[in-house]
Amino acid sequence: MPASRLRPDALSVDTDIRTYPIRFVHLADVSAHLNDLGLHGPRVVVITDENVAAHYRTPLVHAFEAAGWTPHVVVVPPGESSKSLDRLSTLYDTLLPLGLERSTPVCTLGGGVVGDLGGFAAATLLRGVPLVHLPTSLLAQVDSSIGGKTGINHTVGKNLIGSFYQPHAVLVDPETLLTLPAREWVNGMAEAVKHGFIADPELIDYTERHLVDILGHHDLEATVPAVRAAMHIKAQVVADDEREAGKRAWLNFGHTFAHAIEHVAGYGTVAHGEAVALGMRAALYLSHRRAPAALDHDRLDALLAQLPTPDVSGLAFEALWDAMRHDKKTKDGTIRFVLLHAVGDPFVADDCTRASVQRAWDFVQQSTA
Ligand code: ADP
Ligand code: ZN
């Protein structure tokens, strides 16, 4: 029997470029981990945002200095607006005059924004310098730090400029979660639960038992096994997709609706994870309609209902349907949903009727009203 994902011995991400580890660490020990990965000082660049810097800049800098390193810390404003060409350009302006070498490691310390922006800077500075992610948001830990996606936004759309650039490691200090705002916990847990739905009934059972400890009490002992399991699933899906194209699409469970909700509500009004939570409820409803026997809809929906979401009573189905039809992932007007035969057994459906999708949204609206 395979080791439980809730307690795997070692985690790694296997890609064509390299196999890199996911480690649970203390921020104070980061320099020792860099050495162990073959990355050496004395110089190291740390890219972070103002919120994260307020808590972790000083201890991380002190730890590096105590180990004989010279850290250069670059702090960007928090939020999606930092994923811009202007901000990237400022980063180059700051970093290039330092005379970095091809071997100088760049660490991103923060959430998905810092990981995407800093990752793209690392991918492009001197045609690529070693990158290490230190994800501090739950969403970045369970999702965006794994898979090598880096990039920035353009006025035409989100994430339209970027590259796949694999880090040398993902180093997670779970204690950084203790300063994360409550809404960001929901954001991250939505994606963690999503990973359970597409790949791991055990993670779903675990979340059912521990979601109150995690979201209500920010209990790290309860949280870490879920983070590990979610990271393991993401790593497996990413690795498998390199050999067997298509699995990565499963990560879009809940996302057809989510992207439309974010678009129609206005980006930032409904956070990504909140939109995913609502989208998963709709996808679960559609799945259950197609194969009622294999899914305990009421039980699974009750789990999703524990993820608090904003009021979406004002989001008309017509507007959502329109947004789904014009999503960049929609080909030939065919709207694709990732649905479930059962927990851990996803498939892609491109034949959901407008009426069935509307019923799913009606259900979500009624049950969140
Ligand atoms: P994501 O949710 O994709 O990770 P961000 O990078 O914007 O997106 O992070 C979400 C928010 O949480 C940002 O405002 C960021 O500054 C903040 N944040 C991230 N990690 C921490 C942390 N450990 N403590 C406090 N705030 C944090
Ligand atoms: Zn997502």
Report summary line: The set of residues whose placed amide H lies less than 5 Å from the amide H of Ser84, leaving out same-chain residues fewer than 5 positions away, is Asn153
Query raised in the report: Per-residue HN-Hα couplings for the stretch 255-271, Karplus 6.51 cos²θ - 1.76 cosθ + 1.60 at θ = phi - 60°, whole Hz, x for Gly and Pro?
Result: 8, 5, 5, 4, 4, 5, 4, 4, 5, 6, 6, x, 4, x, 5, 9, 5
**Report entry** Set of lysines with alpha-carbon distance to Lys83 below 18 Å, sequence-local pairs under 8 removed
**Finding:** Lys149, Lys158
Report summary line: Filtering GluC sites (Glu not before Pro) in the stretch 65-111 by DSSP loop and by at most 16 other Cβ atoms within 10 Å leaves Glu101
Requested in this report: Amide H neighbours of Arg43 under 5 Å, at least 5 residues apart or on other chains, H built in the peptide plane: list them.
Outcome: Thr70
Report task. Measure nothing but the geometry: give the 0 to 90° angle between the long axis through the Cα atoms of 354-368 and the longest principal axis through the Cα atoms of the chain, rounded to 10°. Result -> 70
Query - Sequence-separation-based contact order of the stretch 1-243, relative, with Cα cut under 8 Å and 6+ spacing, percent - result: 23
Query raised in the report: In whole Hz, what ³J(HN,Hα) sequence does the stretch 191-199 give by Karplus (6.51, -1.76, 1.60; θ = phi - 60°), x for Gly and Pro?
Result: 6, 5, 4, 4, 4, x, 4, 7, 9
Query raised in the report: Roughly how compact is the chain, stated as its Cα Rg over 2.2 N^0.38 Å to two decimals?
Result: 0.98
**Report entry** Charge-dipole axis of the chain as Lys and Arg at +1 and Asp and Glu at -1 on Cβ define it, positive-most pick from Ser89, Gly279, Ser313
**Finding:** Ser89
Requested in this report: Using a/c under 1.5 as the rounded threshold, could you call the stretch 19-70 rounded, prolate or oblate? The axes a ≥ b ≥ c are square roots of the C-alpha gyration tensor eigenvalues, and prolate needs a/b larger than b/c, oblate otherwise.
Outcome: oblate
**Report entry** Candidates per trypsin sites (Lys or Arg not before Pro) in the stretch 9-74, loop by DSSP, up to 16 other Cβ within 10 Å
**Finding:** Arg18
Query - aspartates and glutamates with Cα under 18 Å of Lys329, excluding same-chain neighbours fewer than 8 positions away - result: Asp241, Glu262, Asp350, Asp351
Requested in this report: Sequence neighbours fewer than 8 away in the same chain don't count; with that in mind, list the aspartates and glutamates whose C-alpha is under 15 Å from Lys194.
Outcome: Asp143, Glu202, Asp205, Glu208, Glu274, Asp301, Asp345
Query - Qualifying chymotrypsin sites (Phe, Trp or Tyr not before Pro) in the stretch 45-93, DSSP loop, other Cβ atoms within 10 Å at most 16 - result: none
Query raised in the report: Going by a ≥ b ≥ c, the root eigenvalues of the Cα gyration tensor, does the stretch 223-338 fall in the rounded group (a/c under 1.5), the prolate group (a/b larger than b/c) or the oblate group?
Result: rounded
Query raised in the report: For the stretch 253-368, what relative contact order do you get, as a whole percent, if you take Cα pairs closer than 8 Å and at least 6 residues apart?
Result: 31
Query raised in the report: Taking a ≥ b ≥ c as the square roots of the eigenvalues of the Cα gyration tensor of the stretch 309-369, is the shape rounded (a/c under 1.5), prolate (a/b larger than b/c) or oblate?
Result: oblate
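We did not get these values from a lab; they are worked out from the coordinates using the rules stated. All values derive from a computational prediction rather than experimental measurement. Positions of Cβ are backbone-derived with ideal geometry, glycine not excepted, and every protein chain shown enters the neighbour counts.
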